[in-house]
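Below is one structure; the comments refer to it alone.
The values are calculated or read from the model by the stated rules, or taken from the named source; none is laboratory data. Computed from a predicted model, the values in this text were never measured in an experiment. Ideal geometry is used to build each Cβ from the backbone, glycine not excepted, and the neighbour counts take in all protein chains shown. In case anyone asks, the SASA skips ligands and DNA or RNA and just uses the protein heavy atoms, side chains included. Shrake-Rupley method; radii C 1.70, N 1.55, O 1.52, S 1.80 Å.
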Amino acid sequence: MVLAPSASADGLRLIDFTERLVTPEQIKSAGYAGALVYVSELRPGATFDFKPVTRDYTAGLRAAGLHIVSCYQYGKPGWPTPSDFTRGYDGGVADAQTALRLHGASDGPDTAPIFFSVDEDIDQNTWKTLAVQWFRGINSVLGVRRTGIYGHARACGWAIGDGVIGHSTTGGYRWAWQTRAWSGGAREPAAVLYQTAVNTATNPGPLIGDVHVDVDDVLATDFGQWDLSR
């Protein structure tokens, strides 16, 4: 029997993938506590090997005693599809159905949240007219309880204010994964995860072997990890 790692926010860091997978053993050896994995299909023209995550890979993470958190992102501006949040309520329904299917196929539990990406610098009008409707479509499939957001500090705050993301079991925290990008130094105090290192061509992220990764600080005991009783 593989025991889940103990849940503590103290000094834990996760990675998320931007180039290609690294092995669970490499993640652990580099001092990280786990990974965010993609429960989304591969968009046309992309060659990533981390979308969608496989059951074999998550089994390897668990066997290494590493935490797992699910996230969803299919489209990205000009790659060649638009951002997922532009697809409205019906798009949110479809994306949540895909996320739920792939989360289950990779052995994700039905108690864990899924974080849905708003991976650009949206303003409040875009949130109110487009993104919030996408999240309401997601809510109709997953329920608010299991819906999370990835985005800048303001987007996380708007999602909290509009009641479209769920609560961590850690008091005062919500299913918000904030990125440093576009946040202008602001922080959402209810976020359970904070992306401190964002891999870009001009500012590469840390290396694990020869693969650049993003790095995420864990801010709450319950940060959405699979193997935690809720």
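Straight-line reach from residue 51: which lysines have Cα under 16 Å away, leaving out those fewer than 8 places along the same chain?
76
Counting only DSSP beta bridges with both residues in the chain, what percent are antiparallel, rounded to the nearest 5?
35
With the contact rule set at Cα under 8 Å and sequence spacing of 6 or more, what percent relative contact order holds for region 126-218? Don't skip to the end; give the middle numbers.
On the way: 154 pairs, mean separation 18.9, N = 93.
Relative contact order for region 126-218 comes out at 20 percent.
What does a probe at residue 94 reach in region 20-39, counting residues whose amide N is under 19 Å from the point 7 Å along Cα→Cβ?
39
Of the heavy-atom accessible surface of region 98-225 (probe 1.4 angstrom), what whole percent is carbon and sulfur? Display every interim value, and only then the final one.
Values: 2360 of 4710 Å².
Solvent-exposed carbon and sulfur of region 98-225 make up 50 percent of the total.
Quick one: how many Å² of residue 100 are accessible to a 1.4 Å probe, rounded to 10?
Counting only protein heavy atoms, the figure is 60 Å².
Please give the per residue accessible area of the chain, computed with a probe of 1.4 Å over protein heavy atoms only, in Å². Spell out each step's value before the answer.
Details: 9470 Å² over 230 residues.
Each residue of the chain exposes 41 Å² on average to a 1.4 Å probe.
Which option, [x] 17.9, 55; [y] 18.4, 66; [z] 16.0, 50, is the value of Rg and Dmax of the Cα atoms in Å that was calculated from these coordinates?
Identified label for the calculated read-out: [z].
Say each of residue 47 and residue 111 gets a label point 7 Å from the Cα, pointing the same way as Cα to Cβ; how far apart are those two points in nm?
4.2
Each residue of region 211-216 in order: what ³J(HN,Hα) in whole Hz does its phi give by Karplus 6.51 cos²θ - 1.76 cosθ + 1.60, θ = phi - 60°, with x for Gly and Pro?
Values, residue by residue: 10, 7, 9, 8, 10, 10 Hz.
HN-Hα J couplings of region 23-34 from phi, Karplus 6.51/-1.76/1.60, θ = phi - 60°, integer Hz, Gly and Pro as x?
Values, residue by residue: 6, x, 4, 5, 4, 5, 5, 7, x, 8, 9, x Hz.
Does a label point 7 Å from the Cα of residue 101, set along Cα-to-beta-carbon, have any residues of region 57-89 with amide nitrogen under 16 Å, and which are they?
Once the point is set 7 Å along Cα→Cβ of residue 101, 72-75 turn out to lie under 16 Å by backbone N, inside region 57-89.
Between residue 30 and residue 170, what FRET efficiency follows from the Cβ-Cβ distance if R0 is 30 Å, with the result rounded to 0.05?
That gives a FRET efficiency of 0.70.
Hey, what do the phi angles of region 107-114 turn into as Karplus ³J(HN,Hα) couplings, whole Hz, using 6.51/-1.76/1.60 and θ = phi - 60°, x for Gly and Pro?
6, x, x, 7, 9, 8, x, 10
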